[in-house]
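The values are calculated or read from the model by the stated rules, or taken from the named source; none is laboratory data. What you are looking at is a predicted structure, and each value in this text was computed from that prediction instead of being measured. Because the Cβ atoms are built from the backbone with ideal geometry, glycine has one as well, and the counts that use them run over all protein chains shown. Calculation scope for accessible area: heavy atoms of the full protein, side chains included, ligands and nucleic acids excluded. Shrake-Rupley method; radii C 1.70, N 1.55, O 1.52, S 1.80 Å.
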Amino acid sequence: RGRKRKAETGLFVCGRAPLGYRIDKTALGGLAVVEEQAQLVRRVFHLYCTEHMSLRGITEVLSEDPSALTQAGNAHWGLTTTTNILKNTAYVGHVFYNKNKRQSSGKRMVLREREEWIKIEITPIVDAGLFREAQQLLKKNAERRRRAPKRFYLLSGRVICAECQRPYVTGTGKAGKN
């Protein structure tokens, strides 16, 4: 209840601050911009939206730059880290608290109704138009990845392993490899 009340007053309570921010109770939303890290976030958006670089390409560029460190201080960037930066609404000026709840079984998290979310306004790092463009590109690239396979196999996914109950799938490879 205490965290929820803090969020209702407009302060950040979502754990560790995102890259580009530091926790500061006196700043808007409880997060102050760290300009050196904010430049890195802007660079990720620029590489993705303006230069149309792939996510993997961005991670390689950032990993090769010794001055580009992740939130944890690592020089090696992961694909998930870069993707999460592009999806995080904090960079456009707001975060949400109370978005998820645990199912009654206690294992899975599910999304709450949008009316239950608590919006916390913070200082934006990137322009809203650039953020929307990144979301559209991410969606477009995800749809392109999920295209139908080039070849149709009649029994693909229909033959089930008797031991593990997983479906067999097909693939092409070099003959003679085990």
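Points to keep in mind about this one:
- Counting 0.36 nm for each residue step from L79 to N100 and taking away their Cα separation leaves a gain of 5.2 nm.
- The Cα-based radius of gyration and maximum Cα-Cα distance (Dmax) for segment 1-158 are 18.5, 63 Å.
- The 3J(HN,Hα) values that the Karplus relation (6.51, -1.76, 1.60; θ = phi - 60°) gives for segment 38-44 are, in residue order, 4, 4, 5, 5, 4, 5, 4 Hz. Gly and Pro appear as x.
- In this structure the chain gives 72 Å² per residue of accessible area when probed at 1.4 Å with all protein chains present.
- Here the translational diffusion coefficient of segment 26-110 follows from Stokes-Einstein with Rh set to the Kirkwood radius across Cα pairs; for 25 °C and 0.890 mPa s it amounts to 166 µm²/s.
- Folded to 0 to 90 degrees: helix 128-145 orientation relative to the chain principal axis, Cα: 10
- Among the listed pairs K99/K119; K119/K139; K101/K139; K6/K99, those with a Cα-Cα distance over 19 Å are K119/K139; K101/K139.
- Relative contact order [Cα under 8 Å, 6+ residues apart], the chain, whole percent: 19
- Euclidean distance between Cα centres, segment 86-135 to segment 51-71, Å: 24
- Using a Förster distance of 25 Å, the FRET efficiency for E113-D24 (Cβ separation, nearest 0.05): 0.20
- Spin-label model distance (nm) - A72 vs C164, 7 Å beyond Cα toward Cβ: 2.7
- Relative packing of 124-132, 159-167, which averages over residues the other C-beta atoms within 10 Å, highest first: 124-132, 159-167
- Under 5 Å between amide hydrogens, built in the peptide plane, is the criterion, and for H94 it picks out I122 among residues at least 5 positions away or on other chains.
- Contact order, relative form, for segment 47-123: 21 percent (alpha carbon pairs under 8 Å, 6 or more residues apart, mean separation divided by residue count).
- Portion, in percent, of the accessible area of segment 79-155 that falls on carbon or sulfur, probe 1.4 Å: 49
- Ranked by how many other beta carbons lie within 10 Å on average, peptides 110-122, 16-28 from highest: 16-28, 110-122
- For the chain, the longest principal axis of the alpha carbon atoms and the long axis of helix 55-64 meet at an angle near 60°.
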